[in-house]
Structure formats: structure tokens, C-alpha cells
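Structure first, then comments.
The values are calculated or read from the model by the stated rules, or taken from the named source; none is laboratory data. Please read all numbers here as calculations on a predicted model, not as lab measurements. No Cβ is skipped: glycine too gets one built from the backbone with ideal geometry, and neighbour counts run over all protein chains shown. Remember, those area values only see protein heavy atoms, side chains included, never the ligands or the DNA or RNA. Shrake-Rupley method; radii C 1.70, N 1.55, O 1.52, S 1.80 Å.
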There are 2 protein chains.
Amino acid sequence: MQQNIINTRDLEFQLFELHQVEDFLQYDRYSDHSRETLQAALDLALKVAAEEFAPHARAVDEEEPTFENGRVVMRPEVKKALDVLKETGLLAASQDFERGGMQLPSAVGQMCVGLLKGANVGTQAYAGLTIAAANLILTQGSDEQKQRYAEPMLAGRFFGTMCLTEPHSGSSLGDLRTRAEPAGDGSYRLKGNKIFISAGDHELSENIVHMVLGRLPDAPPGVKGISLFLVPKFLVNEDGSLGERNDVALAGLIHKMGYRGTTSTMLNFGEKDGAVGYLVGEPHNGLAAMFHMMNEARIGVGLGAVMLGYTGYLHALEYARERRQGRPVGNKDPQTPQVPLIEHADIRRMLLTMKAYVEGGLALALQGSRLVDEKKVAKTDEDREMAAGLLDLLTPLIKSWPSQYCLEANSLAIQVHGGYGYTREYPVEQFYRDNRLNPIHEGTHGIQGMDLLGRKVSMAGGRYYQELLRRIAATVEEAKANERLADNAQRLEDAVSQLSEATDIILAVKKEGQVERALANASLYLEAFGHMVVGWLWLRQALVAASALDNGGPQPEAFYRGKLNACDFFSRYELPRVQGLARLLKEVDTAALDVEAESF
Amino acid sequence: MQQNIINTRDLEFQLFELHQVEDFLQYDRYSDHSRETLQAALDLALKVAAEEFAPHARAVDEEEPTFENGRVVMRPEVKKALDVLKETGLLAASQDFERGGMQLPSAVGQMCVGLLKGANVGTQAYAGLTIAAANLILTQGSDEQKQRYAEPMLAGRFFGTMCLTEPHSGSSLGDLRTRAEPAGDGSYRLKGNKIFISAGDHELSENIVHMVLGRLPDAPPGVKGISLFLVPKFLVNEDGSLGERNDVALAGLIHKMGYRGTTSTMLNFGEKDGAVGYLVGEPHNGLAAMFHMMNEARIGVGLGAVMLGYTGYLHALEYARERRQGRPVGNKDPQTPQVPLIEHADIRRMLLTMKAYVEGGLALALQGSRLVDEKKVAKTDEDREMAAGLLDLLTPLIKSWPSQYCLEANSLAIQVHGGYGYTREYPVEQFYRDNRLNPIHEGTHGIQGMDLLGRKVSMAGGRYYQELLRRIAATVEEAKANERLADNAQRLEDAVSQLSEATDIILAVKKEGQVERALANASLYLEAFGHMVVGWLWLRQALVAASALDNGGPQPEAFYRGKLNACDFFSRYELPRVQGLARLLKEVDTAALDVEAESF
């Protein structure tokens, strides 16, 4: 199968050699699976991605959904692809068998979704949001809600959305105003306006289940007064059949620079008598409920950013191998034939940079998925707590680092294509536009930086942070013993040491009560921390590759040598960024706070 | 006049306080001008930019030119804006009075064009290409060509294009294949295919004058066999009236991610009997002829990148002042009102970063324009040679640095807007798309890096490079004497010292014959060099601002304090990048060259 979505060798390497997903098969939850069934699910997802999703990725970018006579109209390939996906059962890839799921390990389940994202993020979003909304009901909802809504969602009959943002409150959720009044029969009537609701209206599924944040009449102000409601587009009768249209109206479509295949909507709830909604979980506990699924959603965004970067890299690689242009620096003879772009040092440097970013990003996202699995199968409370804590710590990085660096990879993919790269006749410019959403939705770099530095690093007395440093140190020790990797190990150790010092200094400033100063450069801290962790994952990849070269491995030797090259590159070209940022962070500088508003 | 194109205080500061353009008024060439006439030209350009160009910038992005029944059709506002521009005479802003020009200093003339770019780069390109093509005829053409073609171009009756690229040869111009056969009457018949020809067809002007690179029958291979031809869309009679349609056919339109208002075309020359063309300059000297105008064209690209970044910054600043969202870190009370975005540390950091990039980029581009003027008015050959040499040295930076960092400013402008930033309902996403072309057209970063490190730094025995270092050192000494700036001066000195060492090491490696290795990281060298020079320009801006704060200046004090803040920021947050890159460059690392092609 010809596809530029993933290097399947790398996928196998990352899942089975680096992250050793087969380990999980020893646990009861996954005991019905084997390496073959995991591979079969991935093969199926890749086939659907390449054959049903990728072919219309450009078409839905060029022809966005429109709103005509009260209906959302879009290209027919979207429904066809989603119908095929529904038939495969992949929508419920990680769900329990008893819910009709495949009960795959999270790393494999997330990866199946990731392949669809790399192929066509605009069409995939309908499926991704449905999975996310169903997960929310499954973790927070009543048995009746699970049966009446989540199960049809997992089967692909109903689709889902997440309705958080309002026009006047984006990241500041505590300020949202949507009201929910009790109707006396256990249900509620919602009134409010939501914006940026992806997949908020369409005719792809029988029904749409909106997961809506709102306030009860007795809600305290701020984030402690937010409740979660389930608001279907069509009411659902007791027997599961559809009832009347609920009071949810499409107020308009938003037009984005990327993800253009996904309807982005403004929704008005309760313009008439109030939209019928059902409380999910406890009153005033909506934000906590939402955060229960936030880790997986944020890993999903990070993995999506990786996959957009990854497909851009593979397209650039193919182009660099085929396109002949110019001659090597030393060759001045114009009568010799032009050489493939990949022969030029600058092109190779860009390709290697992309490889380091996208394969590093994939290792990072899958590290998150692995921790989700560790949490699920942990044998002791202690193990579960540690897996959960490490996952909490890494989540802001997994969300942000690929959104920054795999977007940069998309920019490099354009650069490798030269002038063709920015034309819409080639796919790489679309990946760049699509990926530009990822640094913002599900929480900006600013939000993630505050989460990491303001909360996660010092959570539980810094236990998870210390454990991460301990694990990195163990990898460094192991790599130091290998002559081929000792220099890279030393570079990582230096970077970690610098950033640890910076962390201590910043936390001391915070403890002194200078909270704003301590957090002023949280975004830069996030970037440095992400680079450090990806440096660690590269060293781990290099250790696995070095061992495979010594002892034999399932992939060709050139593949493993490429991993060593990419680790060299990341250590030498990228880790210095951690040092530079760490030196800056140690100064706990207040340049931005010091500027008067009128001095801009 | 409400506009978000430029901070007029900064424009005045940069032109008249930093770069002291008034100095040039003492020379004969500019003696008819005064501060008032320069200001009047800038005011006029800004008015046209804000009132005629900016209002339809989104419209031409949404509705690209189309090709219908053999004609290019586009929004009528484009012609209207260009007609107004034509009436102002600004097309010939820097041209001699005797050619109907305004004979403005280059810094002011370029800036007039720059304001149009910031307002609407898609519409401006028609004018910009016309000026560039006219300049080429004026410097290289015969008197008859100047009169028959260049003068109607400067008057806006004819528009122009530059036809270099062919489908199989982009950056590798030596491989182009367009053939020109002598017709026996002094003219030539051209046959060949050109691609990426901006403004290649339209009905905005009476005629289009294509400047085409091709080969004569006896041409040697490679770049030494390229000649320059003038090929009009309609032949021009001796009396200046238009004759028959030439054999130049529009083969198709290319669709780009940005600059969508500019037709991007594939042109076929000579599908029938050959397109009538006229040799410009000497046979086989076409590339040298083209390079005569390349410096100004590359400054133009750099300034355009600055201006797109600048308008994005101003839009983000306005949004951050108006949009209320969230509360400062310390305030947990949800009943207090939300604060403007600009109150948040992370938003301020992004705004300050943008300010440092776009105002630094403007200083850099205007430094180039100033050298163009110094070259023109130099009293001695020595002065002229030094101005020309410094301009040659800086040109690759002026082209590339803003294309990288002001594009990054555009990305930050999206980030400040949050989810609104990536919607097409706000302008900042378009600037980001428009600006993504600038790192490629007129020579990629890779090409510019090779030019800087492979040629410019060591040109004339390194004379110009040494002079630049000497000037930077002088600024450092001056700033060290000022307590407020001493730390920033020290940081610049350290960066210069590191990069100078790297330069010496790399040139030694090159001298040993390891040319490919020496130039492998030329793009990173270019980036570091650009940051060093912008750091120097920030220190110079700070010196001027500090002096104005001490002794009084024409701008409000808050403005000057902002310059000091931005210099602090650039010195502390950005100059460390030079150090990091310099340490890497000193290793003359070959990571990219070492990877086997099959290891990707």
C-alpha cells in the first residue's frame, strides 16, 4: 500500500521495541490480544486512513461545509469515509469488549486514531470528538446515559461534541454564562451561546450528543460553579428511538485556516423554551468531570500534531528523493546531470530535523499512551498513582511540544519543496495550516506552561517530577556505558542539570510569594522541559537501536543507524536550546512584566 | 487615520533618529527634498495603503484571480487601488526626476512600497514587480528600451514581470532551457516554459513587459550562457502605440497559500512562431544583469516580511488591549471583572517578542536601504566600495532574517488572538500565510546561507565583514559607557565573540578544501549572523532612545522606554541563540551529511 502517513518500520519500532506495548498483553484486560491482533488493528486503521480518508483531504479543504436552508452541506466523501470507519469498529478501539469495543491497549488505540489524523484531520475530527464525548459519558455518566447515548456513539450512530467555549470566555472557563434551570422532571433547560464547537452540526450521523458546560441556578461563581450536561440534537426516547428536535440552533459557521473539513460552529442553546439537557455527574463538578478526560484529549491533540508533522516529513522525503535540482557544492560542471535534492547538505539537514521532531514527538505521545495503560493495569495503588502522576506531569508537554515542533517540521516540509511547497497543488501547505490550530485548541502553550510550572512540577511534593528525573538519569547512566552514545548522554545530563537548577530557583521565587514573576516565562519553561524529555526519548531510541545493531532486530540495519543519526542530531543541534533557555530561566527575568502598556 | 500598518512614531524614529536619513539631503541628488517632502511622501503612501489597499486585502485572498475564456478575471478593487497608486507617482518614488520620478532617498522610497505591502501584499506585488522590472531596464537596457518600456512602466501604463524559473529548474538557474533565436532584424524569437511568474497575466495595465532569462544558440552551458530578454505581451510600435499580441500564452494559474491576490502563472513563450524578444545588455550576461538589481529586490522581500509581521503585531496589540479574558495569576476571585489580555505575563512576553522582531527587522531592512543611498551619494570610490560591500554582506540577512522571525511574529499574533486567531474572520491568519512565501521566493534560506558563508563573509579578503565587526564593536563600546545599557552591550559582545570564533574555524575548514562540510550548516550560520546584527541594531536603537530620554526627543518618553525594554528583551532572550548556534557551528558538525539516504 502506497502511503505517506507513517513509516511503518518506525511505528513498529516505537510501539514494540521502544515502548514494549506487548508487555501489557500479560494483563487480564488485554489477555485476548496478541501481537498479531494489535498489528491487525493498526493495519486496518492504516488501510482506512490511506484509502478512505487521505484521498479527499484536499477536497474538504477546498470545499468547506456550507450552511444552506438550515442544513449543513459538505462533500459526500466525508460521510462515506466515516461510514467505513464505523463498520471497522475502530471508533471503540480502546473501549471495553462489553461496550462493543476492541479493548486495545491505549497506545495502539490512540495510534489507530492518529493514523486517521495524519491522513485527513478534517474528517477524522468528527470521529475523534465522538470518542471523546463518549468517553466522558462512560466515565461520568449514569448507566442509563451510557446505554442511551454512549453506546450508539461508540457504534457510530450518534456523533458527539464538546461545548466549552463562549464568545466572551475562551480559556477563562470560570466566566462562562450558559444557564441550566431544573425542569422538575430530573432534566434541565439550557440557555446560552457556545462558540468554536467543532462538528457542532452536520448530517453525518442520526444524532449529535453535545457535552455542554453550564451553570445551575445555585452555582457558586467561577470554576466551582460549572456543571456538565448532555444535550442531544434530537431527544432520545426510552427505547432508543429518536424523538423531537431539541432547542439547539446553528447560529453560524466559523471559517478556519485549517481543519477546514470540520464544521466549526456557533450554537445557540435554548432560543425558544430552553434546550433539554441532562446533568452528567455531580452538580458544580463539571470542570473536574471534563478534566477526567482531558489527559487523553490532550494526548490526542499532541499525537495529531505529530501525525501532521509526520505526513509532511514523508511527503518532503519523497519529493527530495525524486526531484532533481542543482549539483553538490564541489561540482561546477553544468553539463553533469542535476542531482536529487536529498544530495544537498541543507536539504538533508532539514530532513534530519524533521525526522528528529516527528519521530521524537511520536515517542513522546506514545509515552503518554503507555502511562494511560500502566494506570489501567497497575497491580498496586502505588503503581497506579505513580503512572497517573507521571501522566499528569507529561500531559502539558505531550499537548504542546508536538504542536510547536511538528508544526516547525511542517514548515520545513514546505521549505524542502521550494516554491512548489507553498502552492495548493502540493499537500504540505495544508498540513502547515491544519497544524497551526494545535498550539491553541485544548489549551494554549501559555495555559500548558502554567499547568506544568505552576502545578505539575511541584504536585505531590514534586514526587512525579523527581521520578521523571530519576528515570532520565538511569537512561543517561546506561547510555554512558555505550561508547557510541556516551557523548549524547553527557549532553542530555548537562541539559537536565541546567534545567533542574532553573526549576529549583523558580520554585524558590514562587515560594517567596512572587508568583507572577515565577510564572512569567512558564511557556519557555514548557518548551525547555519538552526538549529535555524528547532528548531523553531520543537517547532511549538510540539505546534500543544500538542494541538491535549489536544483537539483531526486526528492522533493517540502515533503519537503526538512522535512529542513531537522529539521536546525534537532537543531542547536538537541539539540546543546546535547553541550556540556553535554562540559563535565561534561572534569571527569573521580568522583561515582559516591566514594559508599560503604553510603551508597546 | 485609523490604521494597523505601522506605528508612525516608530517609523519616524527609525528613519530620522536611528538611520538619520536627513543626512542625505545635503547631497546634490536629494537637495530638492526636505524633511517635510520626505514626510509628505510617507504620509501619502500610508494614506493610499490604508484607504485603497488594506480594505480589500481579505477580499482578494478569498476570491483569487481566475482564468475565464482566455482572460484573467479578478476583483475590481485591485485595479482601482493600483490606478490610485499610479496617480500618486509613488511607483517611481526612488527614480530620477528626469524619468518622472520623485528621486526620494532609497530608505524612504522602499518604505513607501513597504507600507503598501503591509496593507495588502497581494495587490502591491503588481506594482512591486513593475518597479523591479523597470529598474532592470533602466540599469541594463538601451536608451530606446528605457524610453519605450521603462518610462511607461514607471508611469503605471505598463506593468512588469520577472521570468526566471522553469518547471525543472528553480534555484538552479544554470539549468534553464528557454531558447532565443536571432530573427535577423536585431530581435529574437523565444521558445520556453516559465513557471511561478507572479503577475504574469492580467488586464490591470495596457501592456505587460516580461523580463525573461533564456539562452542564445551559441550559449555556453550553465550560468555563463544565460541572457536577458525583454518580451512584451503586446508589441510596441516606434511611436509607443501598441501593436499585435506577442506569442506569450497563459498556460495556467498556480494557487498559493498566500499572496493569493497576485496571479501566479505558468507562461508558454513561443508556442506558435516564437515570442518576439529583445536582448537587454550583453549576450550571456543575463544573470549578472539580473543580480544588479537583486540587492534591492531582496531588501524588498525582507522589508515585505517585516511589514507583514508588523501589521500582525499591531493587530495583536489592539486585540490584547481590548479583549478581556481571565484574571492575573494572583487573583482567584471570579467575581472581579476579567482583565484585558495585555495584563497577562505570557501575552506581554509574546507582544514584546513581536515588537523585538518587527522593529528589529525594520531597522535591519532600513539599514540596507541606507547603504543603497550611501552607495549612490558616496564622494569617494573607497566610500562607494565600502557601502556596496557592506550592502552585499548584509543582503542575505535582510532577505532571510525577517522572513524567519517576522513570520514567527505572525504566528505569535495568532497565538495572542487564541482561537479567533486561526479563523478567517480575523486578519492575522492571512498575514501568516502571506508571509510563509518570503522564506522561499527570491532565494531560500539555504541559498542565502551559502551566499553569506560561502561568498560574502570572505569577499575582498573579509574586508566588509571586518568593517561590520568594527562598527558593532564601536556600538558596544559606546553602550558599555552607559550604565543602563552596559549589560546588554556585554551580552552582544559575548555573542559577537563566539560567532567570530565560529567564523574563523569554519573558514579554516573551507580553506583546507572541506567545502561541503564547511557549508553544511550555512543556514544556521545565517540565522546566528542575522540575530547578531539585529542585536547590534537593537543596541543602537537603545542608545538613541537613552539619549532622547536624557536630552529630550520628538517622541513621548514611554515610546523611548519601550525601545529600552525591547533591547533588554532581545539581549537577554534572543542573543543567547547566537551563542548556542555559535557553539554548534564551531564543531563544524556533519550530522546531516553522515546520514545514509536509506536511513531516513
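For segment A:280-322, the tally of residues that are surrounded by fewer than 18 Cβ atoms within 10 Å (Cβ to Cβ) and under 29 Å from A:Tyr422 (Cβ atoms) stands at 3.
Looking only at segment A:421-444, residues that are more than 16 Å from A:Leu314 (Cα to Cα) and of a type in the set (Ser, Thr, Tyr) come to 3 in all. Does A:Leu453 fit the bill of being over 19 Å from A:Val301 (Cβ atoms), in a helix (DSSP H, G or I) and open to solvent by 10 Å² or more (accessible area, probe 1.4 Å)? Against the criterion (over 19 Å from A:Val301 (Cβ atoms), in a helix (DSSP H, G or I) and open to solvent by 10 Å² or more (accessible area, probe 1.4 Å)), A:Leu453 does not qualify. B:Ala40 passes every criterion in (1) surrounded by fewer than 21 Cβ atoms within 10 Å (Cβ to Cβ); (2) under 24 Å from B:Leu204 (Cβ atoms) apart from (2). Going through (1) touching a Cys at 6+ places or on another chain (Cβ under 9 Å); (2) surrounded by fewer than 21 Cβ atoms within 10 Å (Cβ to Cβ) one by one, B:Ala45 falls short only on (2).
Are any of the residues in segment B:273-281 under 21 Å from B:Leu228 (Cβ atoms) and either under 24 Å from the mean Cα position of the chain (by Cα) or at pLDDT below 95 (or both)? Checked segment B:273-281: no residue is under 21 Å from B:Leu228 (Cβ atoms) and either under 24 Å from the mean Cα position of the chain (by Cα) or at pLDDT below 95 (or both).
Within segment B:196-232, the set of residues being β-branched (Val, Ile, Thr) and open to solvent by less than 10 Å² (accessible area, probe 1.4 Å) comprises B:Ile197, B:Ile208, B:Val209, B:Val212, B:Ile226, B:Val231.
Helices (runs of 4 or more DSSP H) fully within segment A:96-157 that include at least 1 residues being among the small types (Gly, Ala, Ser): A:106-119, A:121-140. Taken across segment B:75-82, residues that are crowded, with 18+ Cβ neighbours inside 10 Å and in a strand (DSSP E or B) do not occur at all.
From the list B:Leu499, B:Leu485, exactly one residue is closer than 27 Å to B:Ala520 by Cβ and not assigned by TED's automatic domain parsing to the domain that holds B:Leu394. Which is it?
B:Leu499
Which residues, counting only those in segment B:169-189, are open to solvent by less than 60 Å² (accessible area, probe 1.4 Å) and either in a helix (DSSP H, G or I) or in contact with an Asp or Glu (Cβ under 6 Å, 6 or more places away or on another chain) (or both)? If the condition is that a residue be open to solvent by less than 60 Å² (accessible area, probe 1.4 Å) and either in a helix (DSSP H, G or I) or in contact with an Asp or Glu (Cβ under 6 Å, 6 or more places away or on another chain) (or both), then B:Ser169, B:Leu173, B:Gly174, B:Asp175, B:Leu176 are the ones that fit. Every test in (1) within 14 Å of chain B (Cβ to nearest Cβ); (2) open to solvent by 50 Å² or more (accessible area, probe 1.4 Å); (3) of a type in the set (A, V, I, L, M) is passed by A:Ala528 save one, and that test is (2).
The residue of segment B:118-168 that is surrounded by the most Cβ atoms within 10 Å (Cβ to Cβ), among those that are hydroxyl-bearing (Ser, Thr, Tyr) and within 15 Å of B:Gly100 (Cβ to Cβ), is B:Thr130. Among the residues making up segment B:589-600, those that are open to solvent by 10 Å² or more (accessible area, probe 1.4 Å) and either within 26 Å of the chain's Cα centre (by Cα) or not charged (D, E, K, R) (or both) are B:Thr590, B:Leu593, B:Ala597, B:Phe600. For segment B:323-381, taking the residues that are acidic (Asp, Glu) and open to solvent by less than 10 Å² (accessible area, probe 1.4 Å), the one that is farthest from the other protein chains (Cβ to nearest Cβ) is identified as B:Asp373.
The strands (runs of 3 or more DSSP E) located wholly in segment A:212-251 that include 2 or more residues which are in contact (Cβ under 8 Å) with a residue 40 or more places away in the chain occupy A:227-232, A:234-236. When the test is whether a residue is over 18 Å from B:Glu206 (Cα atoms), surrounded by fewer than 21 Cβ atoms within 10 Å (Cβ to Cβ) and in contact with a helix residue (DSSP H, G or I) (Cβ under 8 Å, 6 or more places away or on another chain), B:Thr66 does not pass it. Scan segment A:514-526 and tell me whether some residue there is part of a helix (DSSP H, G or I) and in contact with a His (Cβ under 8 Å, 6 or more places away or on another chain). Yes - at least one qualifying residue is present in segment A:514-526.
Return a yes/no flag: does segment A:462-483 have any residue that is within 13 Å of chain B (Cβ to nearest Cβ) and either among the polar types (S, T, N, Q) or in a loop (DSSP other than H, G, I, E, B) (or both). No, segment A:462-483 has no match at all.
Of the residues making up segment B:550-564, those that are more than 11 Å from B:Arg484 (Cβ to Cβ) and either touching a helix residue (DSSP H, G or I) at 6+ places or on another chain (Cβ under 7 Å) or not in a helix (DSSP H, G or I) (or both) are B:Gly552, B:Gly553, B:Pro554, B:Gln555, B:Pro556, B:Glu557, B:Ala558, B:Phe559, B:Tyr560, B:Gly562, B:Lys563.
Only a single criterion out of (1) out of contact with any His (no Cβ under 8 Å at 6 or more places or on another chain); (2) within 14 Å of chain B (Cβ to nearest Cβ); (3) open to solvent by less than 10 Å² (accessible area, probe 1.4 Å); (4) part of a helix (DSSP H, G or I) is not satisfied by A:Thr265, namely (4).
In segment B:416-433, how many residues are among the acidic types (Asp, Glu), at pLDDT 95 or above and open to solvent by 10 Å² or more (accessible area, probe 1.4 Å)?
Total meeting the criteria: 0.
Say we look at segment B:268-281 and pick out the residues that are assigned to a loop (DSSP other than H, G, I, E, B) and touching a Leu at 6+ places or on another chain (Cβ under 9 Å); which of these is nearest to B:Pro221 (Cα to Cα)?
Residue satisfying both the conditions and the ranking: B:Gly281.
Checked against (1) at the interface with another protein chain (Cβ under 10 Å from one of its Cβ atoms); (2) over 27 Å from A:Glu467 (Cβ atoms), A:Asn521 passes all but condition (2). Taking A:Asp273 and the conditions (1) among the acidic types (Asp, Glu); (2) within 18 Å of B:Ser171 (Cα to Cα); (3) open to solvent by 40 Å² or more (accessible area, probe 1.4 Å), which numbered condition does it fall short on, given that it satisfies the others? Unmet for A:Asp273, out of (1) among the acidic types (Asp, Glu); (2) within 18 Å of B:Ser171 (Cα to Cα); (3) open to solvent by 40 Å² or more (accessible area, probe 1.4 Å): (2).
Any idea which residue in segment B:536-586 is nearest to B:Leu362 (Cα to Cα), counting only those that are more than 11 Å from every other protein chain (Cβ to nearest Cβ) and of a type in the set (D, E, K, R)? Of everything passing the filter in segment B:536-586, B:Arg540 is nearest to B:Leu362 (Cα to Cα). Is it true that B:Ile197 is assigned to a helix (DSSP H, G or I), closer than 30 Å to B:Gly449 by Cα and modelled with pLDDT of 95 or more? No; evaluated as a whole, the condition is false for this residue.
Annotation: of all residues in segment A:233-262 being surrounded by fewer than 21 Cβ atoms within 10 Å (Cβ to Cβ), out of contact with any Lys or Arg (no Cβ under 6 Å at 6 or more places or on another chain) and within 14 Å of chain B (Cβ to nearest Cβ), the one that is farthest from A:Tyr188 (Cα to Cα) is A:Ile254.
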